[in-house]
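Single-structure report; data block below.
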Amino acid sequence: MGDPGDARRTPPFELPEFYVPYPARLNPNLARARGHSKAWAYEMDMIDVPQHGTVIWSADDFDAHDYALLCAYTHPDATGPDLDLVTDWYVWVFYFDDHFLELYKRTRDTAGARDYLDRLRAFMPVTGEITETPDNPVERGLADLWARTVPARSPDWRRRFANSTANLLDESLWELANISADRIANPVEYIEMRRKVGGAPWSANLVEHAAGAEVPAEIAATRPLQVLRDTFADSVHLRNDLFSYQREVEDEGELSNSVLVVERFLGCDTQTAANLVNDLMTSRLHQFEHTTFTELPPLFEERGVHPRARADVLAYVKGLQDWQSGGHEWHLRSSRYMKGGSPAAAGVLDGPAGLGTSGARIVSSLVSTAPRRLRSFTHIPYQVVGQTRLPGFYMPFATRSSPRLDVSRRHVVVWARRIGMLDPVPGIWNEHKLRAFDFALCSAGIHPDATADQLNLTTDWLAWGTYGDDYYPVIFGRTRDLVGAKACTRRLSEFMPVEPTDIPLSVVPVPGNALERGLADLWARTAGPMTVSARRVFRGAIEKMVDSWSWELANQFQNRVPDPIDYIEMRRRTFGSDLTMSLARLARMAHVPTLPPEIFRTRPIRALENAAADYACLLNDIFSYQKEIQFEGEIHNCVLVIQRFLDRDREGAVAVVNDLMTARLRQFEHIVSSELPVLFDSFGLDADARGTLCGYVTELQNWLAGILRWHQGTRRYEESELRRHGAAGTPPFGGPTGLGTAAARLRA
């Protein structure tokens, strides 16, 4: 553990100007919480009691870190008893972090760490009593806190809190593995993992508890609530990384810090990396606000949320805002972190202190971050950009092709004509376009060993998904009809019935257009042999993709270039990655019915799939840049997102995107070589089950190589094809609106 005096040493960078739009407030029960939490820590043997010969905290350490001050700032309206309880939880989580560091990270004891973490699950039963006897301060504290907290909460909250607590504990092994391998994560991997190991989702659960305002179970898993949790978590973690860089990286040899991740990924100096991390944190806070004001109200109306439940959600949002401001104030004051000599730090440490003084920094933070907020809304669409110079792509997997390629090429044209995709009205596609797109080339690469029927089915799914992606901007973008788009999305779900497998598929509504006819046909051909649970998973994958098309429309109507993290995570949906991966997963499960289904929900498998999906999505963005930016007036392209965020030209942004693709694919290889064998052992898989999962990995490799081959062979992105169907720089579906679009309308 770092010396509290670390904060007085020369900092490695100057802390940037932070975006803090809300004043920090101090809970009047602070003194009570200080006294209670110290007595509780002594009772749990956390202070001055050696653990395996090492004293984790002294009394001076505990007083200097002042976790009661953190909780008094982050929960300013909590009652005295609730503040005591929340403070004890934070004492426990920080003690766990330092206890794990001293006993397992510093010693690189992976086996001991795994046993230690496995035991902690016994002290978090969602139902029933704790049956294990705690034998160290971490177990003792967890058992006490669990018993004091969960009786007042709903079963849904208990499950969510148990899951976030388990993530926080279990993913410490990921940090330990990286330290042992001297491996620094790539930026996307880091953000995803930091949400789990960093603990902010866990903190969000405690916000619900302290505010007495649980998020209703029926909307807890929706995109708006998930984005609020994720943006809250990312902002908390990125802020902590800025303040803790000196302690973690220089003193503890820690590798899980976003400043270090950005520094290594971009090859920049530490100050530049710190500034970029702060920019990303600001972007996430802007996303939090944008989601609150533009996505929550429609969600309430669409789901018919009860007024009391709406009030609970808004109280929860306010609690998260209080946490951000209070957490920032605590970081400026706690001896646990460096101060960095920033203007923000000077205002607290050398200027006025006490209630109300944080408000003096709000105007400065709003002014300094306003240009970044405005930049997201000022893109001028339909700019003539010309063709993109393609970089060299990293692809370690061999490309194979099905011998049935030509048969599938002929089949998809016949199928699309029968479904109505080639009809002159609404005129989304014609036969020339469909042949130029060559979806069979893609399916032949991603499923080289498929039968004729299997290959045709994959080709048809690719055609249907791309048709839908083209359909929404034309049909609903022209008239700015977001309500109609969402109604279309809801109706599509009716063509994907889920019911017992011994009963024929229900009679679905009469399809009214090619999009509905195509889905009805594909669902019947695909879902018939599936179990109910498999159908539910597959339907969920399709619904995520279709829902994401409305998200794109909403951004398009606002002329808002997405936040980088939100873009990458939504891009997996808009690209339909989960759709094709679900087909492969379900096929594997059919081969080995005894394969535990939860294995596909483990971190290594999800990380493997996300890494593959990101590579494919970013690849598509590079190839489609001219098509989307010049011919379609699109804003959903990672090259553009990077241009706006890093203020780079197209060539520089393409280089960054390609570097990220390479990093994600190398992470894919790392998981296969280093993490899957451990996963196999932890589940005790037999040879057949291991072979099935290895076969799934091979399918993902084919998927990656096949998608690259398709992009290199399709004519969907060729300028000659684009000009054949529309003049460069001319808005084809109505003029753009929003900040920065006037010039484009004049030019058109």
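The values are calculated or read from the model by the stated rules, or taken from the named source; none is laboratory data. Only a predicted model underlies this, so the values are computations on that prediction, with no experimental measurement involved. Because the Cβ atoms are built from the backbone with ideal geometry, glycine has one as well, and the counts that use them run over all protein chains shown. Just the protein is used for accessible areas: all its heavy atoms, side chains included, with ligands, DNA and RNA removed. Shrake-Rupley method; radii C 1.70, N 1.55, O 1.52, S 1.80 Å.
In table form, for the structure just shown:
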| read-out | value |
| --- | --- |
| Qualifying residue in segment 90-98 (condition: touching a residue at least 12 places away in the same chain (Cβ under 8 Å), outside any helix (DSSP H, G or I) and either out of contact with any Leu (no Cβ under 6 Å at 6 or more places or on another chain) or open to solvent by less than 10 Å² (accessible area, probe 1.4 Å) (or both)) | no |
| Candidate set from segment 46-60 (those that are in contact with a strand residue (DSSP E or B) (Cβ under 8 Å, 6 or more places away or on another chain) and either free of Cβ contacts under 8 Å to residues at least 60 places away in the same chain or not aliphatic (A, V, I, L, M) (or both)); member that is surrounded by the most Cβ atoms within 10 Å (Cβ to Cβ) | Trp57 |
| Residue within segment 7-15 that is surrounded by fewer than 20 Cβ atoms within 10 Å (Cβ to Cβ), modelled with pLDDT of 90 or more and within 31 Å of the chain's Cα centre (by Cα) present | yes |
| Given (1) modelled with pLDDT under 75; (2) under 16 Å from Ala24 (Cα atoms), number of the condition Lys339 does not satisfy | (2) |
| Residues of segment 697-715 that turn out to be in a loop (DSSP other than H, G, I, E, B) and surrounded by 20 or more Cβ atoms within 10 Å (Cβ to Cβ), as a count | 0 |
| Qualifying residue in segment 63-76 (condition: touching a helix residue (DSSP H, G or I) at 6+ places or on another chain (Cβ under 8 Å), in contact (Cβ under 8 Å) with a residue 60 or more places away in the chain and of a type in the set (S, T, N, Q)) | yes |
| Thr131 surrounded by fewer than 18 Cβ atoms within 10 Å (Cβ to Cβ) and modelled with pLDDT of 90 or more | yes |
| Output for segment 616-655, where each listed residue is within 22 Å of the chain's Cα centre (by Cα) and over 24 Å from Thr714 (Cα atoms) | Val641, Ile642, Gln643, Arg644, Phe645, Leu646 |
| Every residue from segment 686-696 that is under 25 Å from Asp118 (Cβ atoms), over 25 Å from the mean Cα position of the chain (by Cα) and open to solvent by less than 20 Å² (accessible area, probe 1.4 Å) | Ala689 |
| Matching residues, segment 252-272, being part of a helix (DSSP H, G or I) and either buried (at least 21 other Cβ atoms within 10 Å of the Cβ) or under 20 Å from the mean Cα position of the chain (by Cα) (or both) | Ser258, Val259, Leu260, Val261, Val262, Glu263, Phe265 |
| Looking only at segment 162-187, and only at residues there that are polar (S, T, N, Q) and within 21 Å of Val259 (Cα to Cα), the one that is farthest from the chain's Cα centre (by Cα) | Ser180 |
| Where a residue in segment 453-470 is more than 12 Å from Leu519 (Cα to Cα) and free of Cβ contacts under 8 Å to residues at least 24 places away in the same chain and its partner, wherever it lies, is open to solvent by 10 Å² or more (accessible area, probe 1.4 Å) and of a type in the set (Gly, Ala, Ser), with Cβ under 9 Å and at least six apart | Gln454/Ala587 |
| Qualifying residue in segment 431-442 (condition: buried (at least 17 other Cβ atoms within 10 Å of the Cβ), of a type in the set (A, V, I, L, M) and assigned to a loop (DSSP other than H, G, I, E, B)) | no |
| One residue from Val537, Val508 being at pLDDT below 90, open to solvent by 30 Å² or more (accessible area, probe 1.4 Å) and closer than 23 Å to Thr574 by Cα | Val537 |
| Odd one out for Gly484, checked against (1) small (Gly, Ala, Ser); (2) open to solvent by less than 30 Å² (accessible area, probe 1.4 Å); (3) under 26 Å from the mean Cα position of the chain (by Cα) | (3) |
| Every pair of residues 6+ apart whose Cβ atoms lie under 8 Å, when the first sits in segment 540-555 and is farther than 24 Å from Val498 by Cβ while the second is open to solvent by 30 Å² or more (accessible area, probe 1.4 Å) and of a type in the set (Val, Ile, Thr) | Ala554/Thr294 |
| Tally of residues being surrounded by 20 or more Cβ atoms within 10 Å (Cβ to Cβ), in a loop (DSSP other than H, G, I, E, B) and either β-branched (Val, Ile, Thr) or in contact with a strand residue (DSSP E or B) (Cβ under 9 Å, 6 or more places away or on another chain) (or both) across segment 162-194 | 0 |
| Residue in segment 296-313 that is at pLDDT 95 or above and either touching a Leu at 6+ places or on another chain (Cβ under 6 Å) or under 12 Å from Phe232 (Cβ atoms) (or both) present | no |
| Matching residues in segment 224-251 - criterion: being closer than 20 Å to Glu102 by Cα, of a type in the set (Asp, Glu) and crowded, with 19+ Cβ neighbours inside 10 Å | Asp241, Glu248 |
| Test set (1) modelled with pLDDT under 95; (2) within 15 Å of Trp330 (Cα to Cα); (3) part of a loop (DSSP other than H, G, I, E, B) - Ala64 fails condition number | (3) |
| Among the candidates Leu85, Leu70, Leu103, residue that is modelled with pLDDT of 90 or more, within 21 Å of Glu248 (Cβ to Cβ), within 34 Å of the chain's Cα centre (by Cα) and assigned to a helix (DSSP H, G or I) | Leu70 |
